[in-house]
Amino acid sequence: RITRLDTDTLRMDVTGFAGEVDRTVRVTYSLARRGHSAFDFGVATRGPLTLQGNISVEGVTVSSDADVYIESLTNNTALEMIGKCSIEGEVKIVNPDAVPSLSSQAKIGGEGGAAAMNHVEIGVPPTEFPEPDPQEFLPYATGTVYTNLSQLSGVTTLTNAVIGPNVNPKFTANMTINGILYIQQPNIVDFGGNVNITGLVVCEGDWDNPSVSNQLVFRGTVSSLPVTSLPNEPQYADIRTKTNTFCLAPGFSMSMGGNFNTLNGAIAANGIEFFGNAGGTIKGSVINYSNTAMTLTGNSDIYFNRSGVTAIPSGFVPE
């Protein structure tokens, strides 16, 4: 017997009989919104994944935090590991014809050599990639709208700021970002120095139509604090609820070349690269919408800590 208790709750009673004896099991189901299954992985990429150098992808609390999902439907070399690279989690590849290329020093799931393939599953069903909605954040970008480079001369702090189309700034000094940094397309935004972010970066691109004119580059050290660390002030009131996202950049490629302590939330872009000394902890998933390769090169360790993250990252259309 199924009973509707309220709008979002169903109760089901199942009764079984054996002679004179009966027993009833009662289960209550609550309808809820959840994140797409791509968030069940540390890395989810539509294109192939390449690791080169001395790169380690690990989970902070459990190895499954570093699980990897790869579609790579147009490239049979879905996974390439060159040098002393390792992935602590399991790897799932959609392309049924995929042939991973692993160096003799590469490890997956803690095993090297032929045993590494024990942790690679090929021909898995495709998962769902979350639809990004950067315009969700536009109402909170209530600070200065920068429409030309001269406005940014000498600026070292951006508070709920908007960078308009075709500004293409290159920040050479250390920068501080408070609240939302909202970047409109087309734009190539290059942070050459260190960046301190309390909040998140949003790029208003199109995940179905990425452009080489849309790039976001972090070359220095990135320090990140979650939106909940923002002061309890009117300009941050609503932003403080937009949790679990660090960078939402559909239609933009994103590159990180400096190290970071913790990036507080999910990262999503069309083309993702970690190079140089880029390494640290990511409290969320990395989503690559592009069919081109996601690359990790250099000599750093990237740790995924997704434990305890139950809320849907802000800026994504939920199920």
Ordering D67, D206 by how much accessible area each has at a 1.4 Å probe, largest first, what is the list?
D206, D67
Along the dipole axis of the chain (charges at Cβ: +1 for Lys and Arg, -1 for Asp and Glu; origin at the Cα centre), the most positive-end residue among N305, T74, S103 is N305
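How large is the charge dipole for the stretch 206-319, taken about the Cα centre, if only the Cβ atoms of Lys, Arg (+1) and Asp, Glu (-1) carry charge, to the nearest 20 debye?
260
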Dipole moment magnitude, nearest 20 debye, the chain about Cα centre, only Lys, Arg, Asp, Glu C-beta charged
520
What order do you get for 178-184, 228-234 when each peptide is scored by the mean count of other beta carbon atoms within 10 Å, highest first?
178-184, 228-234
Among N232, P132, F39, whose Cα projects farthest towards the positive end of the dipole of the chain, with charges put on the beta-carbon of Lys, Arg (+1) and Asp, Glu (-1)?
N232
Please give the solvent-accessible surface of R26 in Å², to the nearest 10, using a probe radius of 1.4 Å with every protein chain present.
140
Which order do T159, T172, T241 take by accessible area at a 1.4 Å probe, largest first?
T172, T241, T159
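Let's see if you can work this out: charge +1 on each Lys and Arg Cβ, -1 on each Asp and Glu Cβ, no other charges. What is the dipole magnitude of the stretch 94-199 about its Cα centre, in debye to the nearest 20?
That gives a dipole near 500 debye.
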If unit charges are put on Cβ atoms (+1 for Lys and Arg, -1 for Asp and Glu) and the dipole of the stretch 180-268 is taken about its Cα centre, the option from N194, G205, L248 lying farthest towards the positive end turns out to be N194
Once you've got the Cα coordinates, tell me which of K92/K170; K107/K283; K170/K283; K84/K283 are over 30 Å apart.
K92/K170
Residues whose placed amide H lies under 5 Å from that of K107, excluding near-sequence neighbours:
C85, S86, I87
Using alpha carbons only, how many angstrom separate the centre of the stretch 267-319 from the centre of the stretch 225-250?
18
Arrange the residues R46, R306, R1 by how much accessible surface each exposes, largest first, with a 1.4 angstrom probe.
R1, R46, R306
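The values are calculated or read from the model by the stated rules, or taken from the named source; none is laboratory data. All values derive from a computational prediction rather than experimental measurement. Because the Cβ atoms are built from the backbone with ideal geometry, glycine has one as well, and the counts that use them run over all protein chains shown. We work out accessible area using only protein heavy atoms, side chains counted, and drop any ligands, DNA or RNA first. Shrake-Rupley method; radii C 1.70, N 1.55, O 1.52, S 1.80 Å.
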